[in-house]
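The values are calculated or read from the model by the stated rules, or taken from the named source; none is laboratory data. Predicted model, so just to flag it, every value in this text is computed and none were measured. Glycine gets a Cβ as well: all are built from the backbone with ideal geometry, and neighbour counts include every protein chain shown.
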Amino acid sequence: MSNGLKNKVAIVTGGSRGIGAAIVQQLAAEGANVVLTYASSAEAAERQAAAARDKGVEAEAIKADAADGQAVRDLVARVVERFGGLDILVNNAGIFAGGPLEETSDEDFERTVDINIRAVFLAAREAAKVMTSGGRIINIGSIFGQRAPLPGLGLYAMSKFAVAGLTRAWARDLGAKGITVNCVQPGPIDTEMNPAECDLATAMTPLTALGRYGRAEEIAVTVAFLASPAASNLTGAMINVDGGFEA
């Protein structure tokens, strides 16, 4: 175990699987105590918490609706009460709703805004109230927050453009407090929801410079770096971890 984040306290939203789970395990491996949230995958979330505890840190899985303001306030208050503070927030929870504009429903729009934008705002606001100098807010965006290279990405791209904009603005808002705000923008990543062997991968893989899907662990180590003291002068940045998709 590295001790780069020893005794730091982190919240990772949507930490039960995929990129979120990899982030939970990497932060724990670096010595951070981790609280991960989940929406419905209680068993998977508990497995991630147990695996984190096996690394010698404290870890807890909490069911919380990331778009529910009261649930987010309760989450942050619970973490502060248990650990005495909050050092790292990773806004990872998100959904993907794709398809042609004319087939996009009001419900698709509202849910995308609720989970991919509103939830990021709520968590960052509550974290900023309790974080002190050295705090880290790390948003998980997407390379689709820079451009939409394929049709059917309107809602998702909109939400990730918003996350990028909020990241830059919050870096200005919170810089005087010594809190950094950055955004990791993954490219195609091999997860259960987006496997490297699927129809979309056939279109996406050739667009990367490396000719492969990335791994969730490659996102996680970037997040851990941004959470560390080594990244103290890095804020308002969009970090592409995309295999050269945007090269």
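On the stretch given as segment 10-25, residues that are in a strand (DSSP E or B) and surrounded by fewer than 24 Cβ atoms within 10 Å (Cβ to Cβ) total 0. Considering segment 214-247, the residues that are modelled with pLDDT under 95 and of a type outside the set (Gly, Ala, Ser) include one that is surrounded by the most Cβ atoms within 10 Å (Cβ to Cβ), namely PHE245.
Scanning segment 26-57 for residues that are surrounded by 24 or more Cβ atoms within 10 Å (Cβ to Cβ) and assigned to a helix (DSSP H, G or I) returns GLN26, LEU27, ALA28, ALA45, GLN48, ALA52.
Is it the case that segment 114-131 has a residue that's assigned to a loop (DSSP other than H, G, I, E, B) and either hydroxyl-bearing (Ser, Thr, Tyr) or modelled with pLDDT under 95 (or both)? No, segment 114-131 contains no residue that is assigned to a loop (DSSP other than H, G, I, E, B) and either hydroxyl-bearing (Ser, Thr, Tyr) or modelled with pLDDT under 95 (or both). None of VAL120, VAL90, VAL113, VAL79 is more than 30 Å from LEU207 (Cα to Cα) and of a type in the set (Val, Ile, Thr) except VAL79. Listed by first and then second residue, the pairs linking a residue in segment 95-108 that is on the phi < 0 side of the Ramachandran plot and in contact (Cβ under 8 Å) with a residue 60 or more places away in the chain to a residue that is in a helix (DSSP H, G or I) and not polar (S, T, N, Q), with Cβ atoms under 8 Å apart and 6 or more places separating them unless they lie on different chains, are PHE96/TYR156.
When segment 58-81 is limited to residues that are in a helix (DSSP H, G or I) and of a type in the set (Val, Ile, Thr), the one that is farthest from ASN3 (Cα to Cα) turns out to be VAL72.
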